[in-house]
Each structure stands twice: as structure tokens, then as C-alpha cells.
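For reference, the structure discussed in these notes is given below.
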Amino acid sequence: MAGLLRKLFGKSEPQIASLKPFDVEIAVDGSQTLLEAALAQDVAFPHNCTVGTCGSCKCRLVSGKVSALTDFGYTLSKEELEAGFILACQARLKSAVTVEVESPAANTPPPEQFQGRIARSDDLTHDIKSVTVALDRPMNYIAGQYANVLVDGIPARSYSFAAAPERNGRQEITFYIRKIPGGALTERLFAGQLSAAAVGIDGPHGTFYLRQGDGPIICIAGGSGLAPLLSLLQDARKNRVRRRCVMLFGARTQADLYGLDQIEEIARDWLPAFRFVPVLSHEPEDSDWRGLRGFVTSHLAALLPQGDPAEFQSYMCGPPPMIDAAVTVMTGLGIPLASIHYDKFTDASFAAR
Ligand code: FES
């Protein structure tokens with residue numbers, strides 16, 4: 001009878017999703033995505049955009065079937081799709097499933113709500129600002145994480161912390177914010193209309209953090225994606241991590257390079273070796289630039305350190321096409337997909353791909 005009623009009225013029984021490593025089972029009804037059901041049942045499932053563009057809710061389908069609200073392939077690489085990854089925010093269950101979620105760092109602080117005010121705003125380039133927010137109380141986070149930011153009532157955007165955390169929390173936190181043409185928040189910020197504006201912070205969030213290991217670290221930043229990598233590398237340096245590091249920074253022109261002083265400081269006493277390579281894609285041919293040109297991913301294979309790629313780890317933040325291309329190059333060279341970690345931009349200019 002229940003089956004007949006379901007056929008007649010189109011109602012579907014909830015399906016059960018087993019979530020590893022949380023070791024919980026949740027019921028997911030036919031109108032919910034896997035992410036919606038997890039959050040409704042108080043599971044701290046990693047997520048950010050909730051619209052299928054950032055990849056934060058990426059998880060591996062171990063068993064069962066799902067359907068995709070939007071094609072997972074818009075955000076996940078070919079290699080990730082082949083390895084069985086799905087996006088929880090775009091997945092509806094067609095059967096009971098088991099999914100494996102990336103574990104947050106063991107010492108990840110729980111997200112909280114903070115209040116603050118913009119204390120400083122400095123130009124890094126013509127379209128990227130460093131914005132420092134003074135908080136109502138110190139905030140703890142893991143290097144590489146991000147927060148959702150609400151400024152003067154303008155809807156939340158997610159920005160990565162641009163500096164290493166401090167032992168007792170940071171009273172001031174800094175983000176790098178790129179101007180988005182027509183963007184409600186950034187148009188006002190770049191017009192100088194948000195000095196001392198009230199800021200609401202929800203965080204920290206995210207699973208982009210330095211994993212344990214001894215092998216080399218390959219970092220790639222594109223455009224305004226330098227912030228989480230600076231945080232991660234400053235923290236690694238403070239903690240005396242001893243691993244070879246190659247850092248590539250893709251920008252359009254020399255005028256779009258920033259954060260070079262911080263990178264130099266990280267590199268200065270990094271052991272055993274830190275190599276920094278900026279790569280410019282649109283630098284005028286007749287300029288005085290003597291460095292590499294083109295896209296970072298075209299130079300990646302030649303710049304990887306010596307050693308067994310199976311032991312390398314990669315950390316990237318930048319536009320989705322850069323990350324997708326880099327994942328293809330790196331997995332092709334033998335770096336395990338599970339050792340490649342990234343944060344994709346989710347601002348409007350990329351969400352509309
Ligand atoms: S939360 Fe699912 S892709 Fe962003």
C-alpha cells in the first residue's frame with residue numbers, strides 16, 4: 001500500500017546516508033540535498049557556497065546512488081569525478097548511501113558569531129585590498145580556514161584569513177578582498193564608504209589546512225588567492241615545519257603581484273629550501289620582466305622538486321580553471337589526488353562559469 005501511495009502521490013521515503021568519519025546516519029528526504037539534511041540534523045558537514053561552485057562540500061560516494069541538481073563536473077575535476085567524488089549541496093539521494101567526508105583538523109575550533117568593525121583598509125593592488133577587522137573578542141582558527149563576512153548588512157561572502165593564527169586567538173583578523181565589478185560589498189569598499197563599518201563574522205570554517213607529512217609542499221596561488229597560503233605558510237614557519245616548499249604565484253602583470261614582502265619573510269629562514277616563482281600571464285612583451293610568463297600550470301611540471309611525487313602534498317587557492325588544470329597536471333605526474341587540497345574562488349565572477 002505504501003508503495004502504491006508513493007506512486008500515486010509522488011512521495012518518497014527518506015533515504016539513509018551514513019557519513020564517515022562522523023559515524024552518524026541521517027535521514028534524507030526526497031526534497032532535500034545531502035548537505036541540507038546533514039545540517040538540519042546538526043552534522044558539521046563542510047560547506048560554503050551551497051550552490052555547487054566552491055567544492056567545499058566535496059565528499060566521496062562509497063556506495064549507493066545520487067542524482068545531481070547541477071552537474072558535479074562544473075566544479076569537480078575529471079580526476080575527482082572518476083574517483084567517485086560528489087557535491088553534497090547538489091546531491092539528492094536515489095538510494096541509501098555511504099559517503100566519506102574530509103575530516104576537519106583535529107584541533108579545529110567550533111564556528112561562532114563575532115561582531116567587529118573595519119579597522120584598516122589598504123590597497124594591495126589596483127583591485128585587491130587588505131581589510132582588517134577589529135573583533136569584539138579574540139578568534140581562534142586553523143591556518144588556511146575562512147569566515148563568512150557580513151559588512152554593514154551586505155550579505156555574507158566568504159574570505160580566507162590572511163595571517164597565521166595566534167595561540168590565544170586574534171583580536172584583529174585580516175582578509176584580502178578583490179573588487180568584483182557590480183559587487184554590492186566591494187563597490188562600496190573600494191569607494192571608501194565602509195571605513196569603521198560594522199562587521200559580522202561567522203567562523204572559522206573550512207578544511208584547507210596543512211596535513212602531516214615529510215614530503216615537499218607545492219603551493220599555488222592565483223590572483224587574490226594568496227591569503228590562505230600566506231596564513232598556512234606563516235604558521236608552518238612559526239611551527240618550524242621542515243619540508244621543502246615550492247610556491248607558484250600566478251598573476252596577470254607585475255602590477256598584480258602583492259604580498260611579496262610576506263613571502264620573502266617566510267622564505268628567509270625556511271628550511272631546508274623554499275622556492276618562490278611568480279608567473280605572469282598578461283605582462284607586456286616589452287616590459288622589464290625577466291621571470292616566467294604564461295599560466296602557472298604550464299610551468300608546473302618543470303618546477304616540481306626532486307623526489308617521489310607520491311609523497312608530495314599540494315595546496316592551491318585561485319580561480320577554478322587554474323585549479324582544474326593543476327589537478328590534471330599533478331595527478332598525471334603521480335601526486336595522489338588525496339594529497340591535493342584547494343580552495344576555489346566562489347565570487348560572482350567565477351560562480352557564473
Ligand atoms: S557548498 Fe557545495 S559546492 Fe560549495
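The values are calculated or read from the model by the stated rules, or taken from the named source; none is laboratory data. These figures come from a predicted structure and were not determined experimentally. Glycine gets a Cβ as well: all are built from the backbone with ideal geometry, and neighbour counts include every protein chain shown.
Among the residues of the range 280-323, those that are in a helix (DSSP H, G or I) and farther than 19 Å from Leu226 by Cβ comprise Ser298, Ala301, Ala302, Pro309, Ala310, Glu311.
If we scan the range 238-255, do we find a residue that is aliphatic (A, V, I, L, M) and touching a residue at least 60 places away in the same chain (Cβ under 8 Å)? Within the range 238-255, one or more residues are aliphatic (A, V, I, L, M) and touching a residue at least 60 places away in the same chain (Cβ under 8 Å). With respect to the stated conditions, Lys78 fails to be more than 13 Å from the ligand (Cβ to nearest atom) and either over 20 Å from the mean Cα position of the chain (by Cα) or not basic (Lys, Arg) (or both).
Being under 19 Å from Pro319 (Cβ atoms) and touching a Pro at 6+ places or on another chain (Cβ under 9 Å) is the filter; apply it to the range 58-78 and report the residue that is surrounded by the most Cβ atoms within 10 Å (Cβ to Cβ). Out of the qualifying residues, it is Thr75. In this structure, Leu260 does not qualify as surrounded by 15 or more Cβ atoms within 10 Å (Cβ to Cβ), closer than 18 Å to Gly223 by Cβ and either of a type outside the set (Phe, Trp, Tyr) or touching a Lys or Arg at 6+ places or on another chain (Cβ under 9 Å) (or both).
If you filter the range 155-179 down to residues that are surrounded by fewer than 18 Cβ atoms within 10 Å (Cβ to Cβ) and not basic (Lys, Arg), you find that the one that is nearest to Gly206 (Cα to Cα) is Ala156. If you check Asp324 against the conditions, is it within 28 Å of Leu81 (Cβ to Cβ), among the acidic types (Asp, Glu) and more than 16 Å from the ligand (Cβ to nearest atom)? Criteria not met by Asp324. What number of residues within the range 81-91 satisfy the criterion of being in contact (Cβ under 8 Å) with a residue 24 or more places away in the chain and more than 13 Å from the ligand (Cβ to nearest atom)? Of the residues in that region, 2 qualify. Filtering Gly215, Gly250, Gly200, Gly225 for residues that are buried (at least 23 other Cβ atoms within 10 Å of the Cβ), outside any helix (DSSP H, G or I) and more than 16 Å from the chain's Cα centre (by Cα) leaves a single hit, Gly250. Residues of the range 92-119 that are within 15 Å of the ligand (Cβ to nearest atom) and either surrounded by fewer than 18 Cβ atoms within 10 Å (Cβ to Cβ) or within 20 Å of the chain's Cα centre (by Cα) (or both): Val101, Glu102, Pro104, Pro111. Out of all the residues in the range 258-277, is one or more touching a Phe, Trp or Tyr at 6+ places or on another chain (Cβ under 7 Å), among the basic types (Lys, Arg), outside the structural domain of Tyr176 (by TED's automatic domain parsing) and not in a loop (DSSP other than H, G, I, E, B)? No, the range 258-277 has no match at all. The set of residues in the range 18-72 being more than 10 Å from the ligand (Cβ to nearest atom), out of contact with any Leu (no Cβ under 8 Å at 6 or more places or on another chain), under 24 Å from Pro111 (Cβ atoms) and assigned to a loop (DSSP other than H, G, I, E, B) consists of Pro21, Phe22, Asp23, Gln32, Gln41, Asp42, Ala44. Within the range 152-197, the set of residues being acidic (Asp, Glu) and within 22 Å of the chain's Cα centre (by Cα) comprises Glu166, Glu172.
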